[in-house]
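In what follows, a single structure is set out as structure tokens and then discussed.
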Amino acid sequence: MRDLPLLASAVQRNCDISDARHAGDYGLCTYLLKMREFYRWENKLPFSRKLPKDQLGEWLTDRERLWDGLEEDEFRSLPLEAAEVHPFEAEVANQALLPRGLVYSAGYGRLRKPMFFLADLQRVEERSGFTVLVSACEHAREMSAPPAMLQGRTIFLRQESLRRYLWEKVEEWQWRKLDNPMGRALANYGFAADPDAALARMAENEAETMILHEVGEARAGEMLGEAWSGWFASSVPARSEPFVRAVRDLLADCLSTLPGLLSEPNVPALHFYFATFDAPRRQLFPQAMEAYEHFVRTGMNDRLVRVAQEGAERWLAAARSLIGLEADVLEAALRCFLVETAAPGVVSRL
């Protein structure tokens, strides 16, 4: 595309504006990890290269100084060949970009952070009634780069971001090398023998998990309807959002992700799934972790199958019960969920 540098510059500026407004939403450790990988991407450094401490520190200072001047800026329109397009009209933009081998996405992530990216289109797939747009080299992105996203009936799978996300998890584990789900996942992929080949195998396999989850998100959306989306966008306070998102994530995973991973089963991906089973999901659904530990001890996945089946009904009912609740009542409902699952020390924080 002749005007790719101009388009990439506009998308990157929108990414920078979003980061300027929302970088403070992350805890310090998460922020620093994301910025390390953002630096690696921007400077096109291989995963195996140790990041230069002094240059990284200078870059971080410069980036934060840039953000200081962008918070109040408006998002830019996309300069496409036929006309300028509003930055959130991704479907319109892709009508022009996909035939030219590019893919663009715009939407909202956690804590309603605007998210944009522009990348080379690798291939298009059809899965379970959804269009999957698989991208490769990324020309513009933010400090946070989710490997997969769902917009309407389209799933965006970002191969470059997926590899970076996986490498970030590998590095975290290597600092302490614990005998835990992540260690089991990496052993199954063969990281000890050949890290580069193992990362390639891992990215290919974990891409399926990402697609399964997004299909589950779509199915959950169909079951919950527009009422969930409108309520979530307008009424859920930031303090409750991680647990509300976890309820829907658990529904999506019990509908699609876990059944998909258990159908064969996909052992490395199962280990990685539970390695990334974040705190809100663990606290709401300890039965899933217990079933996983049973699988590790015995090699039998019967409890995981049962947990997924029961969870699909449980989390659908739970999600429906939350729709429309005001902040105080919502927090009380979430406390009830946590009390029911006996998650000590968590209820008081809501």
Can you pull out the residues in segment 74-85 that are in contact (Cβ under 8 Å) with a residue 60 or more places away in the chain and either in contact with a Phe, Trp or Tyr (Cβ under 7 Å, 6 or more places away or on another chain) or part of a loop (DSSP other than H, G, I, E, B) (or both)?
PHE75, ARG76, SER77, LEU80, GLU81
Among the numbered criteria (1) farther than 15 Å from PRO146 by Cβ; (2) of a type outside the set (Ser, Thr, Tyr); (3) in a helix (DSSP H, G or I), which single criterion is violated by ARG239?
(3)
Please state which one of GLU208, GLU222, GLU171 is in the same structural domain as ALA332 (by TED's automatic domain parsing) and free of Cβ contacts under 8 Å to residues at least 40 places away in the same chain.
GLU222
Note on segment 231-271: residues of a type in the set (A, V, I, L, M, F, W, C) and within 14 Å of ALA218 (Cα to Cα) are LEU250, LEU251, ALA252, CYS254, LEU255
Evaluation of MET143 against (1) over 19 Å from ALA106 (Cβ atoms); (2) under 17 Å from the mean Cα position of the chain (by Cα) (one fails), failing number:
(1)
Looking for something on the phi > 0 side of the Ramachandran plot, small (Gly, Ala, Ser), outside any helix (DSSP H, G or I) and surrounded by fewer than 22 Cβ atoms within 10 Å (Cβ to Cβ) - is there at least one such residue anywhere in segment 286-303?
yes
Test for GLN12: is it modelled with pLDDT of 95 or more, in the same structural domain as LEU150 (by TED's automatic domain parsing) and surrounded by 14 or more Cβ atoms within 10 Å (Cβ to Cβ)
yes
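Just to verify a result, which residue in segment 128-187, among those that are among the acidic types (Asp, Glu) and assigned to a loop (DSSP other than H, G, I, E, B), is modelled with the lowest pLDDT? Show your work before the answer.
Narrowing segment 128-187 to residues among the acidic types (Asp, Glu): 138, 142, 160, 168, 171-172, 179.
When the remaining residues are screened for being assigned to a loop (DSSP other than H, G, I, E, B), the result is 142, 179.
Numbers: GLU142: 95, ASP179: 91.
Going through the qualifying residues, I end up with ASP179.
The values are calculated or read from the model by the stated rules, or taken from the named source; none is laboratory data. In this text, all values refer to a predicted model and were calculated from it rather than measured experimentally. Using ideal geometry, Cβ is built from the backbone for each residue, glycine included, and neighbour counts are taken over all protein chains shown.
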